[in-house]
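Asker: Just passing along the structure, written as structure tokens.
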Amino acid sequence: MPSVGGSVVDRVTKLAEDSRTRMERAEDWEKIPTSIPGIFMVHMPDKELRVMLMFNPTDDAGNPTKRKGFYFGDPGTVEAARKAFTDGRLEDLLAALSSVNRAQHRRPTVFQV
């Protein structure tokens, strides 16, 4: 499947080379933002170079909004997440959790002595 500026294979090969070059200079656990909003490359601690991707929603400045994100490094994990995120029951579960979390926030947090 050709694309503008070369084949998909050429584009992926160049992206792999650029990723390797950049991540070889990264520190363990360093998160490198990508041009895909919310997707970061993460240098994993290991004897050999190991890189994973992390999804973490970002604010208007492109900074992660959560302390931890969703890590993935293979197409199977992404496909499983796609299936889970499109399952209609997820909306019901999120609504239920929002209700539970709101109820917890309304409780007084006074320490009784």
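Asker: Given the structure, is residue 6 surrounded by 10 or more Cβ atoms within 10 Å (Cβ to Cβ) and out of contact with any Gly (no Cβ under 7 Å at 6 or more places or on another chain)?
Answerer: So residue 6 passes the test.
Asker: Just to confirm my filter: which strands (runs of 3 or more DSSP E) fall fully inside the range 29-81 and include at least 2 residues that are within 19 Å of residue 15 (Cα to Cα)?
Answerer: Qualifying strands (runs of 3 or more DSSP E): 31-33, 39-43, 51-55.
Asker: When you check residue 49 against the structure, is it touching a helix residue (DSSP H, G or I) at 6+ places or on another chain (Cβ under 7 Å), in the same structural domain as residue 15 (by TED's automatic domain parsing), surrounded by 11 or more Cβ atoms within 10 Å (Cβ to Cβ) and not basic (Lys, Arg), yes or no?
Answerer: So residue 49 passes the test.
Asker: Return yes or no: is residue 21 at pLDDT 90 or above, β-branched (Val, Ile, Thr) and within 18 Å of the chain's Cα centre (by Cα)?
Answerer: Against the criterion (at pLDDT 90 or above, β-branched (Val, Ile, Thr) and within 18 Å of the chain's Cα centre (by Cα)), residue 21 does not qualify.
The values are calculated or read from the model by the stated rules, or taken from the named source; none is laboratory data. None of these values were measured; they are calculated from a predicted model. Note that each Cβ is placed from the backbone with ideal geometry, even for glycine, and that neighbours are counted across all protein chains shown.
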